[in-house]
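Shown next, in structure tokens, is the structure this report addresses.
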Amino acid sequence: MRSKILLVATCAVLLSATGLSAQTKRPDKPWRGAGPEPCVGSDGGVELCAPAPRLVAIRAGHMFDSKNGQMLANQVILLMGERITDVGPASQVKIPAGAEVIDLSRATVLPGLIDGHTHMFNTRKPGGTTEDYMLIAAQNAANDLRAGFTTARDMTTHGNGYGDVAIRNAINEGRIDGPRYQVSTRGIVWGDKPADPAKPDNPLDAAVIRTAEEGRAAVRDQIAHGADWIKLYPTGAYSFSPTGQGIYVLEYPLPVLQAIIDEAHRMGKKTGCHVYGGDGEKFSIIAGCDTIEHAFELDQEQANMIVAKGLYYDPTLQRYIEPYIGDNDAKSTGGKYSIIPIFEHAVQVANATKGMKIMFGSGADGSTYVHGTQALDFEMLVKYGGLTPVRAIQAATTVNAEALGWQDQIGSIDKGKYADLVAVSGDPLADITELQHVKFVMKGGKIIRNDMGEHASK
């Protein structure tokens, strides 16, 4: 019996990596415990079985077609269980008898939003326990989901080791509510000083490397622990010269950075590079880092290189034009210089570059950017980055889905894709701030919130 249960648990873990249900019925003999027959979870323990798939129809007064950038009127979305089975005009898609009907006829329905840069874990403080930070991460993930972000990429755990793998798996197994996650675990940083045996590296922090081979080994180790992405830091802190030019600390030498990225690609994983400017920014593009994060001083030459190499640009604009950034720059320069207008110009350059794939990423981290408020970035991309509302929403849907390699599963409202949907009262193409007031969230056919006051069944 034990071997059978272990086999069930092993299969469940494998299923959880794909986001499928990790439950199964006991395979050995009839249930003789308390209550009705339960299901077996990924750990071999018993739990309540998930509800049976049901047929649902959604009446959408307006629906955003993210692939074509158009707002469609009077649409019907049919779904069975976690997948969309049909979608189209109400005149063509008939609601089957017996279907549960969700009336969003006075709302605008969009695909579930995707945040390309989050940190579900708050930065670990001295004395904090793993249990503390796991609970905080679960709360942050739940807040992101309730805000309409049904998918996210997490870009390091801030000193919490491989905790993001556990949170990702728990969400996939249905144990807690949160976005579909791809995670980057600890990240890899450059050590500019020799290792000190008296002060060993903290195994919960980023992996510290000093050679190309150590970098390749760190990639293999993090992937073995469950990383979907490898997070790199080619640029350190920034400052200003006396004449206002940006000065950026270079981390990895180009050959080391190239070796790390090549190793990740060899193992079928992608890389995300935290860069502010200078040679670190340039080296990341040359080395083919899959997503260029932040890039305060992105210029036209670099933007053209990003497009030519098929890379993605993830500005995380709100995170670096927050008021405290200006306060810090004013303090360090006597009020002379600020990175904020420099960064805004970089995003504008990216927006004006033909073929540029601009992602939506918040950088929400539990520090200065509150989880559940990431829709602020839509407003910033439009107001200061120059994006149209259509392009800003596509950044958080079709572009991010493609960057994650999940374009066949999420990012648009299409037959066969996950039933990940959000709704707002107004028109976000006319007022992008509507997305800061999401009223309805569905992930995989499960209603996470419904504040529309219109949930009729028949």
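The values are calculated or read from the model by the stated rules, or taken from the named source; none is laboratory data. Note that the structure is predicted; figures quoted are calculated from it, not measured. Methodologically, a virtual Cβ is constructed for each residue, glycine included, from the backbone with ideal geometry; neighbour enumeration extends over all protein chains shown. Surface areas here come from the heavy atoms of the whole protein model, side chains and all, with no ligands, DNA or RNA. Shrake-Rupley method; radii C 1.70, N 1.55, O 1.52, S 1.80 Å.
A few points about this structure:
- Lone qualifier among THR433, THR373, THR397 - being modelled with pLDDT of 95 or more, assigned to a helix (DSSP H, G or I) and surrounded by fewer than 19 Cβ atoms within 10 Å (Cβ to Cβ): THR433
- Take the conditions (1) touching a residue at least 40 places away in the same chain (Cβ under 8 Å); (2) in a helix (DSSP H, G or I); GLY326 misses just one of them, which is (1).
- Filter result (among the aliphatic types (A, V, I, L, M), touching a residue at least 24 places away in the same chain (Cβ under 8 Å) and over 20 Å from LEU429 (Cβ atoms)) within the stretch 59-95: LEU79, MET80, ILE84, ALA90, ILE95
- Some residue of the stretch 382-392 being open to solvent by 10 Å² or more (accessible area, probe 1.4 Å), within 25 Å of GLY159 (Cβ to Cβ), without any contact (Cβ under 8 Å) to a residue 12 or more places away in the chain and among the polar types (S, T, N, Q): no
- Condition check for PHE121 on (1) part of a strand (DSSP E or B); (2) under 29 Å from LEU381 (Cα atoms): one failure, at (1).
- Residue in the stretch 59-67 that is at pLDDT 90 or above, in a loop (DSSP other than H, G, I, E, B) and open to solvent by 20 Å² or more (accessible area, probe 1.4 Å) present: yes
- For the stretch 79-90, taking the residues that are closer than 17 Å to GLY445 by Cα and open to solvent by less than 50 Å² (accessible area, probe 1.4 Å), the one that is nearest to the chain's Cα centre (by Cα) is identified as ILE84.
- Looking across the stretch 176-190, the residues that are over 20 Å from GLU293 (Cα atoms) and either without any contact (Cβ under 8 Å) to a residue 40 or more places away in the chain or in contact with a helix residue (DSSP H, G or I) (Cβ under 6 Å, 6 or more places away or on another chain) (or both) come down to ILE176, ASP177, GLY178, PRO179.
- Pairs where the first residue, in the stretch 118-143, is touching a residue at least 24 places away in the same chain (Cβ under 8 Å) and under 12 Å from GLY372 (Cβ atoms) and the second is open to solvent by 30 Å² or more (accessible area, probe 1.4 Å) and among the acidic types (Asp, Glu), C-beta under 9 Å, 6+ apart: ALA141/ASP177; ALA142/ASP177
- Unmet criterion (only one of (1) out of contact with any Leu (no Cβ under 6 Å at 6 or more places or on another chain); (2) outside any loop (DSSP other than H, G, I, E, B)) for ASN351: (1)
- Filtered residue count, the stretch 320-342, keeping only those that are surrounded by 15 or more Cβ atoms within 10 Å (Cβ to Cβ) and either touching a helix residue (DSSP H, G or I) at 6+ places or on another chain (Cβ under 8 Å) or among the aliphatic types (A, V, I, L, M) (or both): 10
- Qualifying position, being open to solvent by less than 20 Å² (accessible area, probe 1.4 Å) and outside any strand (DSSP E or B), among VAL101, VAL93, VAL76, VAL109: VAL93
- The residues of the stretch 47-89 include none that are out of contact with any helix residue (DSSP H, G or I) (no Cβ under 7 Å at 6 or more places or on another chain) and among the aromatic types (Phe, Trp, Tyr).
- One residue from GLY385, GLY445 being more than 21 Å from GLN318 (Cα to Cα) and more than 17 Å from the chain's Cα centre (by Cα): GLY445
- Looking across the stretch 30-51, the residues that are acidic (Asp, Glu) and open to solvent by 50 Å² or more (accessible area, probe 1.4 Å) come down to GLU37, ASP43.
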